[in-house]
Amino acid sequence: MLNNVRNYFLAMAAFLLPTLLANTYYIDDNGRSIEGYYNWGIDGRPLAEGVMKWIMLKGGSVDLFPLNIIISCLALAVAFSVLRAFLDKGVSLSKWTFPLPLLIAFNIFYMEPSYYRFDSITISLSIALSVLASIYVLRGKWDYLTTTAATIATLSLYQTSVNIIMLLSVANAVLLAVKTENFAAIFKALVVKGLAVASGAIIYFAVILPRYVIASHGADHPGVNLSTAFSNLYVNFVSIINIIASLISLKHGIAVLASVFALAIVSCLVIAWRLRHNGVMLSVFIALSPFVCLILMPGVSLTLDNILSSPRIYTSFGAMQYFCFAVFYFALPQKAKLASLICVPFLIFPMIVNYAYGNAMKAQDARNLQTLNEIGDATGVSESRIKLIFNGDYPYAPVTENTLSSFPVLRTLIPNYFTNWWWSFQFMRRNGYSYDFPAGKDVSYAVNELNICNDSDIKKTRDFNAYVKNGFALIDFTKTSCNQ
């Protein structure tokens with residue numbers, strides 16, 4: 001067991017090494033690192049706030065990087081070791097099962113949140129807890145109680161990770177069926193899991209969520225609209241599948257998804273045929289499981305009133321990958337288990353992308369600081385506060401531009417800190433520039449209401465034109481807003 005933990009820790013460390021080397025601040029980090037707040041509870045994540053306060057010794061939130069990477073690697077290493085022990089239980093220990101749990105984390109959907117210096121801990125813990133909660137170790141009431149508690153905890157760490165519990169509960173039930181061939185016992189265990197997850201969700205939404213969530217948080221924190229939730233299921237499902245596919249690959253995402261899903265279908269049909277003498281219900285359950293898992297992959301996100309495109313929302317894709325290749329492994333005859341290593345490219349490619357992404361993030365961070373200093377020079381450093389309004393596309397670093405030409409899917413994962421967005425101003429504050437947020441005002445306001453193109457202090461730089469007037473500054477990357 002300890003050897004497995006060590007090996008999985010090293011594997012996760014290898015995958016997250018670019019995060020360590022990039023050493024950047026990702027979106028929310030800009031605020032938490034300078035103001036010391038937590039504020040996860042108001043997003044319905046009280047356990048996330050509690051865990052972070054405990055790590056911070058109940059003081060203010062401070063930057064502990066790279067401790068977040070160490071904790072994340074360790075949590076996932078323990079979970080993956082237990083999952084592998086479950087895979088090998090009742091069958092001969094196989095070296096070919098080692099890569100399977102890694103599929104849960106080696107993907108763009110976990111890669112993105114790993115760059116958070118604060119959130120990465122709580123999201124990693126939620127994934128690890130979800131993996132552990134889905135494993136069939138205990139029986140009856142003990143499984144019910146532990147899974148209920150784990151569901152509440154997962155939802156209180158990061159809500160959409162509960163999809164991993166649901167998906168892996170079905171996936172691991174299928175794998176258990178292959179080894180035990182006892183449908184009655186498996187069905188009972190699956191029902192207990194399902195009731196436990198439902199109970200945990202009811203307690204969370206009825207008791208915990210109303211206590212902590214005090215207001216709506218806008219489009220980036222959508223809620224569940226019960227009046228439209230069920231009518232939108234199909235539309236949301238199609239939208240989410242397209243989002244997931246585009247995040248895998250802009251050109252080939254659907255083909256990759258379809259190929260992996262087809263592999264699962266064929267594998268389950270082979271297993272169902274092999275176990276046909278153990279009852280029709282067992283074979284039907286195994287044959288239908290890929291379709292059930294496909295629906296559970298977006299899971300609770302299907303009911304949201306606003307579909308999000310952030311990769312961290314869909315970390316359950318990794319659980320789907322695990323299921324597809326795990327059933328393929330069990331469908332193979334003993335002498336052909338080596339063929340299960342076809343999953344290795346699905347581990348290597350995300351690692352390559354992550355290494356490219358890490359270098360692109362580091363290069364862009366340096367370019368952003370250069371741009372920010374140019375803005376500081378153009379607007380002047382004085383005691384008076386200036387409200388910045390941005391217009392146009394900010395400059396990319398040459399390394400970043402080259403990386404995006406090879407991996408265009410990463411473009412949406414490079415934060416834009418030179419747009420009319422709250423986190424732009426937190427980024428600038430972290431780097432010593434206390435500009436004021438323009439509160440919804442844009443280039444149209446600057447040109448038409450402020451008449452900023454006339455009688456303003458104009459500074460022209462390589463990347464932008466700056467127009468300063470009456471406490472406002474228009475940073476125009478297009479250089480065309482005033483036609484000068």
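Got a sec? Which helices (runs of 4 or more DSSP H) wholly within the stretch 1-86 have at least 2 residues that are over 30 Å from Ala366 (Cα atoms)?
Working: elements: 2-22, 29-35, 46-55.
Once the helices (runs of 4 or more DSSP H) in the stretch 1-86 are filtered for at least 2 residues that are over 30 Å from Ala366 (Cα atoms), what remains is 2-22, 46-55.
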Exercise for the section: Could you list all residues from the stretch 427-464 that are in contact with a Leu (Cβ under 9 Å, 6 or more places away or on another chain) and among the polar types (S, T, N, Q)? Expected result: Asn431, Ser456
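Residues are listed down the side, and each one gets a yes or a no for (1) in a loop (DSSP other than H, G, I, E, B); (2) in contact with a Ser or Thr (Cβ under 9 Å, 6 or more places away or on another chain); (3) without any contact (Cβ under 8 Å) to a residue 24 or more places away in the chain:
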site	(1), (2), (3)
Tyr417	yes, yes, no
Ser434	yes, no, no
Ser444	no, no, yes
Cys453	yes, yes, no
Ala473	no, yes, no
Cys482	yes, yes, no
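Residues of the stretch 275-300 being in a helix (DSSP H, G or I) and touching a residue at least 40 places away in the same chain (Cβ under 8 Å), which ones? Break it down stepwise before answering.
The initial filter retains those residues of the stretch 275-300 that are in a helix (DSSP H, G or I), namely 276-278, 280-296, 299-300.
Hits for the stretch 275-300 are Asn278, Met281, Leu282, Phe285, Ile286, Ser289, Val292, Cys293, Ile295, Leu296, Gly299, Val300.
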Practice task
From the list Tyr355, Tyr314, pick out the single residue that is over 30 Å from Leu269 (Cβ atoms), among the hydroxyl-bearing types (Ser, Thr, Tyr) and not assigned by TED's automatic domain parsing to the domain that holds Leu413.
Solution key: Tyr355
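Against the definition (of a type in the set (A, V, I, L, M), at pLDDT 95 or above, in a helix (DSSP H, G or I) and more than 30 Å from Leu100 (Cα to Cα)), how does Ala378 come out, yes or no? First the steps, then the outcome.
On the way: of a type in the set (A, V, I, L, M): yes; at pLDDT 95 or above: no; in a helix (DSSP H, G or I): yes; more than 30 Å from Leu100 (Cα to Cα): yes.
The answer is no for Ala378.
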Problem - In the stretch 349-364, the residues that are crowded, with 19+ Cβ neighbours inside 10 Å and not aliphatic (A, V, I, L, M) - result: Pro350, Asn354, Tyr357, Gly358, Gln364
Problem - Considering residues of the stretch 243-260 that are crowded, with 18+ Cβ neighbours inside 10 Å, in contact (Cβ under 8 Å) with a residue 40 or more places away in the chain and in a helix (DSSP H, G or I) only, the residue farthest from the chain's Cα centre (by Cα) - result: Val260
Exercise for the section: Determine whether Val51 is of a type in the set (A, V, I, L, M, F, W, C), assigned by TED's automatic domain parsing to the domain that holds Cys324 and within 30 Å of Val174 (Cα to Cα). Expected result: no
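The values are calculated or read from the model by the stated rules, or taken from the named source; none is laboratory data. Bear in mind that the values here come from a model prediction, so they are computed numbers and not experimental data. In this analysis, Cβ positions are derived from the backbone assuming ideal geometry, glycine residues included, and neighbour counts consider all displayed protein chains.
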